[in-house]
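See structure below.
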Amino acid sequence: MSSIAADNALTSAETRKKTGFRIPSFRWIEPLLLPVLIAALWEGAANWGWIDALLLPPPSAVADEIAYLWENQDLDMHVLATVWRVAVGFAAGAVAATVLGAITGYAPRAFNAIDPTIQALRSIPSIAWVPLFILWFGIFEAPKVLLIAVGAFFPVYLGLSTAIHGADRKLVEVGRVYRLSAFAMIWRILLPSALPSYITGLRNGLALGWMFVVAAEFMGASEGLGFLLIDGQMTGRAQTIIAAIFLFACLGKASDWLLAGLSRPLLSWQDDFQSAKGR
């Protein structure tokens, strides 16, 4: 029975291929279903009086607040300030993590000397760095960018170093047969084999960068989405706080989508479960 169904499916697929007929795909709708459902329930609960609209404004009030901020309070300036801080901090943290991750992954002695200290620093809460960075660098841009770099560093470092340690020994032996230098071994064999875990580390580091920018913008910022959070708290405007949180979510998702899209060609060689489903 199953073989007959499979033959029918194959025949219909071949027919569609020959005739050029394609069933339209609505996969782009799937990610929107849950947010739309939550927004509809939230709006209804606020309108029906099930929740206090002053403490938890409905989505319509949040949308009105975003429009007001755009027209009257330079929302684009706040968004650009936050995006710039995340971009610079993430880039700095990712570069440092890539260098140290490659070194500790390749050289056992470097791993034994460096990795324990990095793991100890990784356990320090992000907020604990704030007073020290303010003491060292003041309340301008440097401590904010540095705090974001610290947040982005650890996932990238851990993903790359661990992946290099787990590289296929046969590939390393091939590199030694061809007498590759240490740099060539890292660049041509170890980094490509570690690429999936490395990209996952980059995406995790970017997500932490968006989390750390909130703490960074609490350090005397006069612009940025973190500043809007504080401003909404001080003035008692819950809709401003929720609007800033919503924009953080949208920007974080957009940046993750962009990074995943840019990295997809680098992982096209993978023959994994998702690529099999796509075929």
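Values in this text are rule-based calculations from the coordinates and carry no lab data. Since this is a predicted model, take the numbers as computed values, not measurements. Positions of Cβ are backbone-derived with ideal geometry, glycine not excepted, and every protein chain shown enters the neighbour counts.
A few comments on the model shown:
- Kyte-Doolittle at least 0.5, axis length at least 18 Å by Cα - qualifying DSSP helices, the chain: 30-47, 75-106, 141-165, 195-217, 238-263
- For the range 124-279: rounded, prolate or oblate by the Cα gyration tensor [a/c cutoff 1.5]: oblate
- Calculated FRET value between Asp74 and Leu32, using beta carbons and R₀ = 25 Å, to 0.05: 0.30
- Computed [θ] at 222 nm, deg cm²/dmol, the chain (DSSP H ≥ 4; -39,500 (n - 2.57); rounded to nearest 500): -25000 deg cm²/dmol
- Rounded Å value of the spacing that divides the Cα centres of the range 214-236 and the range 58-97: 11
- log10 of Debye I(q)/I(0), alpha-carbon scatterers only, for the chain at 0.08, 0.15, 0.16 Å⁻¹: -0.52, -1.14, -1.21
- Anisotropy class of the range 82-132 from Cα gyration tensor, a/c 1.5 cut: oblate
- Principal axis dimensions, the range 96-189 - Cα atoms, whole angstrom, descending: 54, 22, 18
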